[in-house]
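S.K.: Got a structure here, written out as structure tokens. Questions coming.
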Amino acid sequence: MLAACTRADDAAAATQAAAETANRARVDSLVKAGGQVDSILPITEHLRRFRATLAEQPDTLRHAAPSREAVAARWLAAMTARDTQALRHLALDRAEFAYLYYPGTALSEPPYSMPAELLWSQMYMSSEDGARAALRTLAGRRATMVSFRCPESPRREGANSLHQNCLVVLRVDGRTLPETRVFGTIIERDGRFKLVGLSSKL
């Protein structure tokens, strides 16, 4: 039984790695093209093509936390433990973005009208860069969360509530850091919470 579980875990990890490689290739191709997409096509067609690259249609946020505070606690635990899989689970994946986030965001509507592929590529790159920066600061360190608060009212976008500019005080290796935004927007949907991405001010 253990061997079977191990093989299943290995297969899931290989599938995840392949998906990330394919996603990185798509992002890199957009970057090399200067972030250009066919502006003649309507937003609905861009979204249809984007969704056509996906194998699944989620109806809820997966691996979600029960509260904003739980998101913050999981983020810190994953950072200090260098747990990149846990970090990936904390942030929207490509399918969640396509079906749960993008249809309600103001960025998909005039005057922005950003195609799904372009917006995802920008968010993905910002998330990757933010995760690496925070890991350099926190990985392997003794860190605790002294306080957490979201002083602004959430912004409603369709079925989603977006909690922005949440502030955290961290104590790292015995030193208390100034209150700051250590991560970006928290998305709430049906009482479930995740990070939109892993961008960080650390």
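S.K.: How many of the residues making up the range 101-122 are small (G, A, S) and under 12 Å from F50 (Cα atoms)?
M.R.: 2
S.K.: Within the range 152-175, is there a residue that is of a type outside the set (D, E, K, R), free of Cβ contacts under 8 Å to residues at least 24 places away in the same chain and under 21 Å from A81 (Cα atoms)?
M.R.: No, because not a single residue in the range 152-175 is of a type outside the set (D, E, K, R), free of Cβ contacts under 8 Å to residues at least 24 places away in the same chain and under 21 Å from A81 (Cα atoms).
S.K.: Kindly indicate whether any position in the range 65-86 is in a loop (DSSP other than H, G, I, E, B), buried (at least 17 other Cβ atoms within 10 Å of the Cβ) and in the same structural domain as M145 (by TED's automatic domain parsing).
M.R.: Within the range 65-86, none of the residues are in a loop (DSSP other than H, G, I, E, B), buried (at least 17 other Cβ atoms within 10 Å of the Cβ) and in the same structural domain as M145 (by TED's automatic domain parsing).
S.K.: Looking at the structure I just gave you, is E152 crowded, with 19+ Cβ neighbours inside 10 Å and of a type in the set (D, E)?
M.R.: Criteria not met by E152.
S.K.: Identify, from the list V168, V172, the residue that is assigned by TED's automatic domain parsing to the domain that holds W75, among the aliphatic types (A, V, I, L, M) and under 16 Å from L135 (Cα atoms).
M.R.: V172
S.K.: Moving on. Being of a type in the set (A, V, I, L, M, F, W, C) and under 20 Å from S108 (Cβ atoms) is the filter; apply it to the range 155-180 and report the residue that is surrounded by the fewest Cβ atoms within 10 Å (Cβ to Cβ).
M.R.: A159
S.K.: Can you give me the ranges of the strands (runs of 3 or more DSSP E) entirely in the range 89-182 with at least 2 residues that are over 20 Å from the mean Cα position of the chain (by Cα) and not β-branched (V, I, T)?
M.R.: The strands (runs of 3 or more DSSP E) meeting that bar are 143-149, 167-172.
The values are calculated or read from the model by the stated rules, or taken from the named source; none is laboratory data. Given the structure is predicted, the values throughout are model-derived calculations rather than measurements. Heads up, the Cβs are rebuilt from the backbone with ideal geometry, glycines too, and the neighbour counts pull from every protein chain shown.
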